[in-house]
Amino acid sequence: MPLVTLKSVLADAQQGGYGVGAFNFNGIEDARGILDAATEKRSPVILMTSVSAVAYMGGPRAVVGLIRGLSDHLEIPVVLHLDHAEDPRFIAQCVDSGYTSVMIDASKLSYEENIAVTREVVSYARRLGVSVEAELGRLGGREEQVNVSAREAAMTDPADVPDFVARTGIDALAVAIGTAHGFYKEEPKLDFDRLTRIRSLTDVPLVLHGGTGVPEPDFIRSIQCGMAKINVGTELKYCCSQTVRENVAGKPTEIDIRKLVGDARTNCRDIVLHKIDLFGSGGKL
Ligand code: 13P
């Protein structure tokens, strides 16, 4: 089927009380592994590219062509989402090229500036029926926000959420509740009270970033508390690099590049199969 919007997939997830995995990919192997898993589980899936991954793969049109070509014969809902973009012009290029969802991350700006930039992106994307995710609070990398008070200060203030959602018209909101991008040095402590307060104040689908390394029971509890989209990136990136590292070491004379990188497809598939089970999205077409 044609690519679908984030809005439609997350509306179903909210109604059904499950989460949908959003997986970062950087090339053919991981993209195919993610689609293989979603197909096997009959699950909706969100494929995401960072801005640098788009450049790496040859630009938005190349990415759209790849994902449309890999998925248009599949019977599962597939969303192609641009992750953490800060430049509205680049987002517009992705919208024009056929992405069905984009994230504007203006969380480094002031609250009012975040609203203004997010509104601009929503008004552009809406004309083409493309969904928009925005961020309130600061997620950051795990190396940032080292002390507890800085970490608290960066979290989403529930009181801001209704105003932000109403004034921007977004389709999904990334909230900072204690996760961060990359590998964690210590187990993350998710602020479920904050999440519950946010959930009670808005109906907008919520997004959990920094899924790599989140303890499995915390994923389940997050979904029970109202998270609809769960982002996982680093775990798959590491899986791809580790696969290549091991194959190169084990087959030092191999000249067929496919025999060195191809296993990343099945290894990524196995990770995503497990995430789909955890998030409960299998069989939810
Ligand atoms: P991880 O790389 O920590 O899994 O986070 C992914 C993410 O949130 C992408 O926006």
Among the residues of the stretch 230-240, what is the count of those that are touching a helix residue (DSSP H, G or I) at 6+ places or on another chain (Cβ under 9 Å), near the ligand (Cβ under 10 Å from one of its atoms) and touching a residue at least 60 places away in the same chain (Cβ under 8 Å)? 4
What number goes with the only condition from (1) within 16 Å of the ligand (Cβ to nearest atom); (2) of a type outside the set (A, V, I, L, M); (3) in contact with a Pro (Cβ under 9 Å, 6 or more places away or on another chain) that Thr202 does not pass? (1)
Could you count how many residues in the stretch 145-177 are under 23 Å from Val102 (Cα atoms) and either β-branched (Val, Ile, Thr) or within 14 Å of the ligand (Cβ to nearest atom) (or both)? 11
For Gly21, state whether it is within 16 Å of the ligand (Cβ to nearest atom) and either buried (at least 23 other Cβ atoms within 10 Å of the Cβ) or assigned to a loop (DSSP other than H, G, I, E, B) (or both). yes
Residues within the stretch 167-189 that are within 26 Å of Thr5 (Cα to Cα) and assigned to a loop (DSSP other than H, G, I, E, B), tallied: 7
Within the stretch 178-199, the residues that are within 12 Å of the ligand (Cβ to nearest atom) and of a type in the set (Val, Ile, Thr) are Thr179
Please state which of the following conditions Thr243 fails to meet, knowing it meets all the rest: (1) within 15 Å of the ligand (Cβ to nearest atom); (2) buried (at least 18 other Cβ atoms within 10 Å of the Cβ). (1)
Members of the stretch 39-67 found to be open to solvent by 10 Å² or more (accessible area, probe 1.4 Å) and either of a type in the set (A, V, I, L, M) or under 17 Å from Gly210 (Cα atoms) (or both), listed by number: Ser50, Val51, Ala55, Met57, Ala62, Leu66
Quick one: in the stretch 39-65, which of the residues that are of a type in the set (A, V, I, L, M) and in contact with a helix residue (DSSP H, G or I) (Cβ under 7 Å, 6 or more places away or on another chain) is nearest to Tyr18 (Cα to Cα)? Val45
Looking only at the stretch 272-285, decide whether some residue is touching a strand residue (DSSP E or B) at 6+ places or on another chain (Cβ under 8 Å), under 18 Å from Glu216 (Cβ atoms), not hydrophobic (A, V, I, L, M, F, W, C) and not in a helix (DSSP H, G or I). yes
The lone exception for Cys268 - which of (1) within 21 Å of Met48 (Cα to Cα); (2) in a helix (DSSP H, G or I); (3) more than 16 Å from the ligand (Cβ to nearest atom) it fails: (3)
For the stretch 212-225, enumerate the residues that are touching a residue at least 60 places away in the same chain (Cβ under 8 Å) and either surrounded by 18 or more Cβ atoms within 10 Å (Cβ to Cβ) or part of a loop (DSSP other than H, G, I, E, B) (or both). Phe219, Ser222, Ile223
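The values are calculated or read from the model by the stated rules, or taken from the named source; none is laboratory data. Nothing here was measured: the structure is a model prediction, and the numbers come from that model. Cβ: placed from backbone, ideal geometry, glycine included. Neighbour counts: every protein chain shown. When the accessible area is computed, the model is the full protein with side chains, heavy atoms only, and any ligands, DNA or RNA have been set aside. Shrake-Rupley method; radii C 1.70, N 1.55, O 1.52, S 1.80 Å.
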